Amino acid sequence: MKLRELAGALGCELRGDGEIEIVDVAPIEDALAGTLTFLADRRLAAQLDGTRAAAVLLPADAPDVALPSLRAGHPYLAFVEAVELFHPAPSRPVPAVHPTAVIATSAQIAPEAWIGPHVVVGERVRIGRGATLHAGVAIYPDVTIGDAFIAHAHAVVREGVRIGDRVVLHAGAVIGSEGFGYLPLPDGIRRVPHLGTVVLEDDVEVGANTTVDRAAFGATVVGRGTKLDNLVMIAHGCRVGPACLVAAQAGLAGSTSLGMGVMVGGQVGFAGHQTIGDGAQVAAKSGVHGDVPARAVYSGYPAIEVARWRRLVGALPRLPELVRRLRRVERALGLAAPKDD
Amino acid sequence: MKLRELAGALGCELRGDGEIEIVDVAPIEDALAGTLTFLADRRLAAQLDGTRAAAVLLPADAPDVALPSLRAGHPYLAFVEAVELFHPAPSRPVPAVHPTAVIATSAQIAPEAWIGPHVVVGERVRIGRGATLHAGVAIYPDVTIGDAFIAHAHAVVREGVRIGDRVVLHAGAVIGSEGFGYLPLPDGIRRVPHLGTVVLEDDVEVGANTTVDRAAFGATVVGRGTKLDNLVMIAHGCRVGPACLVAAQAGLAGSTSLGMGVMVGGQVGFAGHQTIGDGAQVAAKSGVHGDVPARAVYSGYPAIEVARWRRLVGALPRLPELVRRLRRVERALGLAAPKDD
Amino acid sequence: MKLRELAGALGCELRGDGEIEIVDVAPIEDALAGTLTFLADRRLAAQLDGTRAAAVLLPADAPDVALPSLRAGHPYLAFVEAVELFHPAPSRPVPAVHPTAVIATSAQIAPEAWIGPHVVVGERVRIGRGATLHAGVAIYPDVTIGDAFIAHAHAVVREGVRIGDRVVLHAGAVIGSEGFGYLPLPDGIRRVPHLGTVVLEDDVEVGANTTVDRAAFGATVVGRGTKLDNLVMIAHGCRVGPACLVAAQAGLAGSTSLGMGVMVGGQVGFAGHQTIGDGAQVAAKSGVHGDVPARAVYSGYPAIEVARWRRLVGALPRLPELVRRLRRVERALGLAAPKDD
C-alpha cells in the first residue's frame, strides 16, 4: 500500500513522499525496511536515527523529520488502525458444533455459533448470536450470555451467571465460584450460603486463570467495557465500574467497589468494603486499606497519595543514617540514649 | 413463614408481633419489604432507620428496636440458618455417569456418584459415596478420595494424592503438581525428584485455580476443615493445620507450617521453613519472613506485631519531614551535615 | 543395596562400614532405620544426634561422624542421584492415542506419543517424538512443539506458539493468551492487536496455572532451561533469559527482560520495561521499579540492594521512637514543633 493511500485510510496528514510502498507496521524497536512505525511523543524523535522504517506516524505538532510522515491527533490509535489494516483479525471459524460437545436439550444457542470439542453447556443456558466456545469450555446450568461471546479453552461459567454482549473469557477463567465466606464456630468452620451471582456487563474481557466469585446476596458486578488481566481475583460482592483496567495478579477483597475508569496496577490488593472513586489510579503492588478519592493517584503499602509516597520512598533508605545522626545530636546535647524498645 | 414459627425454628427469643409474615432474608443493605434482616452488633442499631425489613435478628442483649425482633446468642449464625431455611441447598443431581466420562476399569467409585461429561478417572482410583465430579475433572491414577467429594469443572488431582471426606475442589484447582525444587548446576538446572504426595483432610475446601504442590518426601498436608480461597499457592512440604482460613492469592513457600485456626489475609506471603503458631492472624498483603507465635497478630512487610506495625505506619509518612527537622537541629548545634550515603 | 555399592554408583568416598544394607534415602527429618540421609553443610553435624539413618552423605571436608558416611563434592546432588537410584522415574505410558482425543487431520504428531482422553490438537500443529499429553490438554492451531513434550491436564497452548524440546507444562498453564494491551479512548477501551507469539525454549518448565502472554509484536521468550513456578504471570513482550528460576505468584509486567540465571522469589513484581542483569537475585515479595545490575541481590518494596534493605528494615520499627526523640531534642534546643503535615 502506498503511503498516500494509507494517509487516506487513516485520515492523517501526509508529509513527504506519498508514493513509497509500505509493506507492514512495526514499533520503532522492531521496524524493518518498508515498515510504517510511530512515535507517541514528539520528544522521542531521536529514536528515529538509524531506523530502517520507511515512514513514521507522528503527533500533528511534531517538527519535521527526515522520513516521510503521517500526522495524527492520536498517533498510537492511528498505528493500531494501521496494524488492523495490514493484519485483519482472522475470520471467525465457520459455524459448527463439534460432535463431542455436550449441550443440554433445554439450552438455547443462537445461530452462527462455533462450539469446539468437549464443550459442555448446561440446562436452560441461553447464548446469543455468534458465540465462539473453544475446547473444553464448561457452562453450568441457567447461565445467560449475550451476542458475540468468546470463551477460550477450559473457561468455566458457574450456574446462573449473567454475561452481556461481546464478552471475552480467556483460557482457564472461572466466573461464579462461591465466595470465601465462612463463620468460624467452636466445632469447625461453617460455609455461609452464597445465593447471589456474577454479572459481567457488555464488552468485559477476563484474563487467563482469573477468578470472579459470586456474591452471598445480589451480584458481583464487572462493569461495561472493563478489562481484567490474568490471575486477577474479584471477591464476592465487589462492584467494578465500567471502563476499568485491572492488571495481572491484582485482587479485590469482598464488597469493594471501583468507580468508572479506575486503573489498577499489577499485584495491587484492596481490602474489603473499600470505595475507589472514578478515575482513580493505583500503582502496581500497592496495598489499599481505605477509600481512594476520585481521580486520586495512590501508591505504596499502605497506599497513600503518590506524591507523598514518592517523598517517603526517597527518604526511606536514609533511615539508618538518621538514627546515627539523631544519636550524635543527643550526645551533643548531653541527652541520655533511650532504651531500645 | 410467620415470625413466630421462625423464632421456633431458629431457637430465638421473639419480641414484638410474631404473626407477621416473613418472605425472605437479606442483609441490611438489601432488605426488601417482608424480609428478616440482622445486625451482628448492637451498636449498629441506627442502620435500622428507614429499613424496609419486617423484622431483625439481634444480639440477646441489644436494646429494643421499633421492628419486631428475634434475639440470638450468635445473630450471624442464626441469620445463616434462616438463609438455609428459605433457600435450601439444591439437591444433588440424580446419580449418573455421563457416557463421555472416561473411567479406568480398575477405578472404584462408590454408589450414588454423579460423574459429569468428559471427566477422567485414572487406574486404581478409589472414590467414596456420593461424589460429584463436574465437567472435565481429571483424577490421575492411584488417588484415594473419601465420601461426599465435590470437584468443580476442570479441577485436577495428580497421581497418588489422598483426600478425605466432604472435600470441595473449586474449578481449576490443581492438587499434587511436583514442587518447585531444583538444583542449579553448571550445566543447567536439575529437577529434584518429588516422591511425596498431598493429603487433604476431611472438610477441606480449595478455591478456584488454587495450587497445592506435592512434597519431595512425605506429604504436603492441608488440615481438617481448612479453607483455601482462590489463586492460593501451597508449596511442597507445607503443613497447614486444621480450621485455618487462607484468603485469595496468599502463598506459602516450601516446608512452612501453619498451626490450628490460623487466619491468613489475601496476598500474604510466607517464606519457606517458617512456623506459624495456633490461632495466629496475619493481615492482608503481609510478608512473613520468620516464625509467628501462637495467637499473635502480625502485619506488614516484613511482618511484625500489628500494634507495632500500626505505630510504624502512622509515623512513616512523616519521614521526609523528620529529615528536614533533623537538619534544622544539626544546624542549630553547628553540626556538619553528613555526606549523603 | 550395600553402602559400598552405593559409594561406587555415586562416585563417593566411603568411610566406615561398607557392608551395611541401605534400603532407602530420606532427608534428615524423615530418616527411618536403614536409610541414607545427607547434610549439605558440615556445620549441621549436630542434627545427626539420635538419627535413625544408617549412613550419611557429607561434604568431602566434613569431620568424621559416628555413622558410616559417603563423601561427595556436592552432597545434595549425590543425594538426588541416590533418590533416583532407589526411585527410578515411572516409565512413560505405552504410546497410544485415546479414542476421545480430537486431533486435526493436518496435525503431525511424531511416533511414540501418549495422547490422553479429551485432548484437542488443532490444525497444522507439529509435535516431536515422545510427547505425553494428559487429559484435556488443548493445543490451538499452528503450534510447533519439539521432542519429549509433557503437558499435564488442561494445559492450554494458544495458536502459533513455538515450544522447544523437553518442555513441561503443568496442569492449567496457559501459554499465548493475548497480552493486556489497550488504548483507553473517550468511547471505551480499545484492544491493541497482538500479532506476536510466545517462544518457550528447550527444557523450560511452566508451573500449574501459570500464564505466559503473547507479544503485540515479535515474541515473549522464556529462555532455555528456565523454570517458572505456579501462578506466575509473564506479560507480553517479556524476555526471560536461560536458566532462570521464577518462584510462585511472581509477575513480570510488559517488556521486562531477565538475563541469564536470574533468581526471582515468590510474589515478586517487576514493573514493565525493566532490565534485570545476569545472575541477579530478587528476594520474595519485592517490588522492582527499576533496572537491576548483573549479580546484584535486591530486596524490598521498592526493591533496593539487599544490604541496604536489611539496614533499613532493622531501623524501620524504631521510627515512632525517633519521632519522640527528635521532639525531645527540639524542646531541649527551644525549637518550635513543626505543624503536622
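The values are calculated or read from the model by the stated rules, or taken from the named source; none is laboratory data. Please read all numbers here as calculations on a predicted model, not as lab measurements. Cβ: placed from backbone, ideal geometry, glycine included. Neighbour counts: every protein chain shown. To get the accessible areas, we keep the full protein, side chains included, count just its heavy atoms, and leave off ligands, DNA and RNA. Shrake-Rupley method; radii C 1.70, N 1.55, O 1.52, S 1.80 Å.
A few comments on the model shown:
- Dipole of the protein assembly as shown computed with +1 at Lys/Arg Cβ and -1 at Asp/Glu Cβ about the Cα centre; of A:Ala215, C:Phe38, A:Tyr140, farthest Cα towards the positive end is C:Phe38.
- When you filter the trypsin sites (Lys or Arg not before Pro) in the range A:40-114 for DSSP loop state and at most 15 other Cβ atoms inside 10 Å of their Cβ, you are left with A:Arg52.
- Positive-end residue, the range A:1-122 charge dipole about Cα centroid, Cβ charges, pick of A:Ala110, A:Ala54, A:Ala7: A:Ala110
- Inter-part distance where the range B:118-135 and the range A:24-81 are each reduced to a Cα centre, Å: 58
- Options B:Val157, C:Val240, A:Gly272, ranked by Cα towards positive dipole end of the protein assembly as shown, top entry (Cβ charges): A:Gly272
- Residues in the range C:142-156 carry Karplus couplings, in order, of 6, 8, 10, 9, x, 7, 6, 6, 10, 10, 7, 3, 6, 4, 10 Hz; the curve used is 6.51 cos²θ - 1.76 cosθ + 1.60 with θ = phi - 60°, and Gly or Pro positions show x.
- Taking the label point 7 Å along Cα→Cβ, B:Arg42 and its counterparts in the other copies are spaced 7.0, 7.0 nm apart, in ascending order.
- Computed over the range A:209-341, the Cα gyration tensor eigenvalues convert (square root of 5λ each) into semi-axes of 40, 15, 12 Å, ordered from largest to smallest.
- Highest-MSF residue in chain A out of A:Ala315, A:Ala78, A:Ala101 [GNM, Cα springs under 10 Å]: A:Ala78
- Overall form of chain A per C-alpha gyration tensor (a/c, 1.5; a/b vs b/c): oblate
- Per residue Cα convex hull volume in Å³ - calculated over the range A:70-182: 134
- Taking chain C as a Gaussian network of alpha-carbon nodes connected by springs under 10 Å, the highest mean-square fluctuation of the residues C:Val65, C:Val246, C:Val221 belongs to C:Val65.
- Here chain A is treated with +1 on each Lys and Arg Cβ and -1 on each Asp and Glu Cβ, and its dipole about the Cα centre works out to around 1460 debye.
- Under 5 Å between amide hydrogens, built in the peptide plane, is the criterion, and for B:Val121 it picks out B:Val102, B:Ile103, B:Ala104, B:Ile139 among residues at least 5 positions away or on other chains.
- Close amide H partners of C:Ala107, meaning residues 5 or more places away or on another chain with modelled amide H under 5 Å apart, are C:Arg124, C:Val125.
- Using 0.36 nm per residue and subtracting the Cα-Cα separation, the extra length available between B:Glu112 and B:Arg190 on full extension is 23.6 nm.
- For the range C:162-304, the Cβ-based charge dipole about the Cα centre amounts to some 120 debye (Lys, Arg positive; Asp, Glu negative; other atoms uncharged).
- Net charge of Cβ neighbours under 13 Å - reference B:Thr51; Lys, Arg +1; Asp, Glu -1: -2
- Cα gyration tensor shape of the range C:1-150, rounded if a/c is under 1.5, else prolate or oblate by comparing a/b with b/c: prolate
- Shortest first, B:Arg295 label-point distances to identical copies amount to 5.1, 5.1 nm, with the label point at 7 Å from Cα along Cα→Cβ.
- Each copy carries a label point for C:Val94 at 7 Å from Cα along the beta-carbon vector; from one copy to the others these points are 3.9, 3.9 nm apart, nearest first.
- Label-reachable residues, the range A:265-300, where backbone N falls under 13 Å from a point 7 Å from A:Ala307's Cα toward its Cβ: A:296-298
- Largest mean-square fluctuation among C:Ala40, C:Ala284, C:Ala307, in a Gaussian network model of chain C whose springs join Cα atoms under 10 Å apart, belongs to C:Ala40.
- Calculated FRET value between A:Asp49 and A:Val297, using beta carbons and R₀ = 25 Å, to 0.05: 0.15
- Amide H contacts of A:Arg214 (H built 1.01 Å from N, under 5 Å, at least 5 apart or other chain): A:Gly176, A:Ser177, A:Glu178, A:Gly179
- Couplings 3J(HN,Hα) of the range A:103-115, computed from phi: 10, 4, 5, 8, 6, 10, 10, 5, x, 6, 7, 10, 10 Hz, in residue order, whole Hz [Karplus 6.51 cos²θ - 1.76 cosθ + 1.60, θ = phi - 60°; x for Gly and Pro].
- Rounded to the nearest 20, the Cβ-based charge dipole of the range B:53-183 about its Cα centre (Lys and Arg +1, Asp and Glu -1) stands at 280 debye.
- Among the GluC sites (Glu not before Pro) in the range A:32-112, those placed in a DSSP loop whose Cβ has at most 16 other Cβ atoms within 10 Å are A:Glu112.
- The 3J(HN,Hα) values that the Karplus relation (6.51, -1.76, 1.60; θ = phi - 60°) gives for the range B:17-30 are, in residue order, 6, x, 8, 5, 8, 9, 9, 6, 10, 6, x, 4, 6, 10 Hz. Gly and Pro appear as x.
- Ordered from highest to lowest accessible area with the whole protein assembly present and a 1.4 Å probe, B:His236, A:His154, B:His289 read as B:His289, B:His236, A:His154.
- Most to least accessible of C:Thr211, C:Thr100 (protein chains only, probe 1.4 Å): C:Thr100, C:Thr211
- Modelled spin labels at B:Leu183 and C:Ser91, positioned 7 Å past Cα toward Cβ, are 2.6 nm from each other.
- Distance from the Cα centroid of the range A:226-293 to that of the range C:180-244 is 23 Å (rounded to whole angstrom).
- Distance (nanometres) between label positions extended 7 Å along Cα→Cβ at C:Asp64 and C:Arg126: 6.2
- Sulfur and carbon atoms: percent of accessible area, the range B:78-149 [1.4 Å]: 60
- Estimated inter-spin distance, C:Asp147 and B:Arg42, nm [label 7 Å along Cα→Cβ]: 7.8
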